[in-house]
Amino acid sequence: MSKSLNITQSSIQDFVESERCRIDDSMSLGAAFEHVAAQQILTQYLLDDDDIARGLTDGGGDGGYDGIFIFVNDVLVNGEDSDSLELDNKSRVDIHFIQAKNQTSFSEAIIQNWKDSFANLTETENPDRERYREEVVDLFVLIRAILRQTIIKRLQVYIHFWAVSLATQIHENLKKQARELKELVEGIIPSKNTVVDVDFITAQKFFELIEEVPDETMTLKGTKEPLCPDSSSAILTVSLKDYHDFITDDNGHLKKILFEANIRDYQGNVHVNQAIRETLDNKSAIDFWWLNNGITIIADSMARDMDHSVSLTNPRIVNGLQTSNEIARHCQSLEEDDDDRKVLIKCIATSNYEIKAKIIQATNNQTSIPPAFLHSLETTHLQIERYFKNHGLHYDRRKSSGKNNGIPSKDIVSISFLGQCLIATLLKQPDYARARPAQILGDESKYNKIFNENISLKAYYQLAKTCNQIKQLIKKFGLTRGEQNDLLFHVIYLYCVKRSASLELTKSELELLEPPSTEDLRPVIELTKAAYLDFGGNAQTAKSASFVSEIQKRASEQWNLESQ
């Protein structure tokens, strides 16, 4: 950029450069700008670096999309097999399209590219794969599969286009084109329950996004003096409006960080939520809290405040997600603040993870819940976290904790990534690891085989260190971003079997793993890519069990591996 930058623009570039060094110092400044832009725009979803990477699509034939992120009920579903994706009635779908350029202006070509590509990619079952890059086409295949269900399942669809740059102003022509894009997209999607927005993020707005820090200490205002049985607990009633203000940000969005410990996601239009909704919508002489089980909040510490309030450090809502969602919906639908009903809140302060886990399990025992949702608080993961920390890795048991503490991306291992690596190696299913990134901990049978006391902490560590190294090195072999995404877990599997000289990997063999050098990985990449291209070279190839059988066969022949 030849034009001199103002203080705001320079500050943004300094932050982008610091994130580039944390994520991958071989990354270009432009790529880092795209990563940071997505990171800041999507802050509410608590995405980690791997999640962001799954949605970045910049490159030749990207259709004007540097990033595409698809959420169903706030869960990122990028990479999921469209045939396995189940949508409940009235599910909320958020689709974010991002273009981010490290330049001091917005190009008028932005909107025109979106107009052309959105229509082309949504209105045909077989988009031109020579015109659009593979990962863009695959994401639109998933988007079309979701949008086809908008009417049948009455989905609530929110489509958001974001243009990000270091510009200080937005030209009127761009604003006019943005309105035209909005009308075009609304005309393509056949549902009244679709909201389309187009936003331009200028340097000032971008700086404000970077500066926003989630509240760590929050105040909950009661209607009466709270009942405090001891210094670590409080019971209080809170007006619906004050509770709504507590759980939402200035834009009316739920603060996702408050719900990260909740073992259930919002269940949509199920019977229990219909009952809560009816109670809220039909005011009577009976107060809401008389008819509701209430909400449980745990925090690291708690203190009494003035005005019947309590201050909570790092509060997390562990029971009451359904009630919270329905209260938010109800309060946002009110034309005036004329509802003086209350909700019952129980607050408990403890920094002990095992106690927190017991509270979460106990407060949710009214409903049958898959145990997988509790796994991140189990002793196994606490032990892995401590072991990794003592050996120089950060286990991201609390989502995004590594990123938020400035830990380099190469030293961060998420629970889901470790789960994918274990499924790819121990269970010999790299296809499953690739096809279901959002469901890795949801299969109880698989989970019990990969996280248990019979696997040593050293085995988890050696595998994690090895896989993190492979994730870094795979970028150096000239593969496209889509190919890297498709082949990563297949390459991990083949490297491990090549090193052990057997297609059957045992727990003890994981302990002997060592991270590869570039030359160690080269024959693995070459074998995997050749088979991938022979089988079609797309996401469906990487998700198929037949492809796994093929690479096993080729590996056995080339490397004289022990047969199954």
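Values as computed for the structure displayed
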{"item": "Extreme residue, positive dipole direction of the chain, given options 106, 126, 490 (C-beta unit charges)", "result": "490"}
{"item": "Under Karplus coefficients 6.51, -1.76 and 1.60, residue-wise ³J(HN,Hα) of the stretch 57-70 in Hz, glycine/proline x", "result": "10, 4, x, x, x, 8, x, x, 10, 7, x, 10, 10, 10"}
{"item": "For the stretch 89-99, Karplus couplings with θ = phi - 60° (6.51, -1.76, 1.60), whole Hz, Gly/Pro x", "result": "4, 6, 4, 9, 10, 10, 10, 10, 10, 10, 10"}
{"item": "Segment residue 145-residue 411, extension gain: residue separation times 0.36 nm, minus the distance between their alpha carbons", "result": "92.2 nm"}
{"item": "Ranked 125, 326, criterion: other C-beta atoms within 10 Å, fewest first", "result": "125, 326"}
{"item": "Cβ charges +1 (Lys, Arg) and -1 (Asp, Glu), total dipole of the stretch 217-365, debye", "result": "600"}
{"item": "Phi to ³J(HN,Hα) by Karplus 6.51 cos²θ - 1.76 cosθ + 1.60 over the stretch 192-201, Hz, x for Gly, Pro", "result": "6, 8, 10, 10, 10, 10, 10, 10, 10, 9"}
{"item": "Kirkwood-based shape ratio for the stretch 423-518, expressed as Rg/Rh from alpha carbons", "result": "0.95"}
{"item": "Per principal axis, descending, Cα span of the chain in whole Å", "result": "77, 62, 50"}
{"item": "Placed amide H near residue 171: partners under 5 Å, 5+ positions off or other chain", "result": "none"}
{"item": "Cα-centred dipole magnitude for the stretch 411-564, charges only on beta-carbon of K, R (+1) and D, E (-1), debye, nearest 20", "result": "300"}
{"item": "Sequence-distant residues sharing a close amide H with residue 161 (under 5 Å, placed H)", "result": "97, 197, 198, 199"}
{"item": "Net charge of Cβ neighbours under 10 Å - reference residue 477; Lys, Arg +1; Asp, Glu -1", "result": "+2"}
{"item": "For residue 255, distant residues with modelled amide H under 5 Å away", "result": "248, 249"}
{"item": "Packing-based ranking, highest mean first, of 78-89, 230-241, 462-473 given that Cβ atoms within 10 Å are counted", "result": "462-473, 230-241, 78-89"}
{"item": "CD proxy at 222 nm, helix term only [per DSSP H run n ≥ 4: -39500 (n - 2.57); per residue of the chain; nearest 500]", "result": "-13500 deg cm²/dmol"}
{"item": "Spin-label model distance (nm) - residue 448 vs residue 560, 7 Å beyond Cα toward Cβ", "result": "4.1"}
{"item": "Kirkwood Rh (inverse of mean 1/r, distinct Cα pairs), the stretch 293-355, angstrom", "result": "13.4"}
{"item": "Relative packing of peptides 152-159, 29-36, 185-192 - highest average C-beta neighbours within 10 Å first", "result": "29-36, 152-159, 185-192"}
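Taken together, the values in this text are just the output of simple stated rules run on the coordinates, not laboratory data. All values derive from a computational prediction rather than experimental measurement. With ideal geometry, Cβ positions are generated from the backbone for all residues, glycine too; neighbour counts draw on all protein chains shown.
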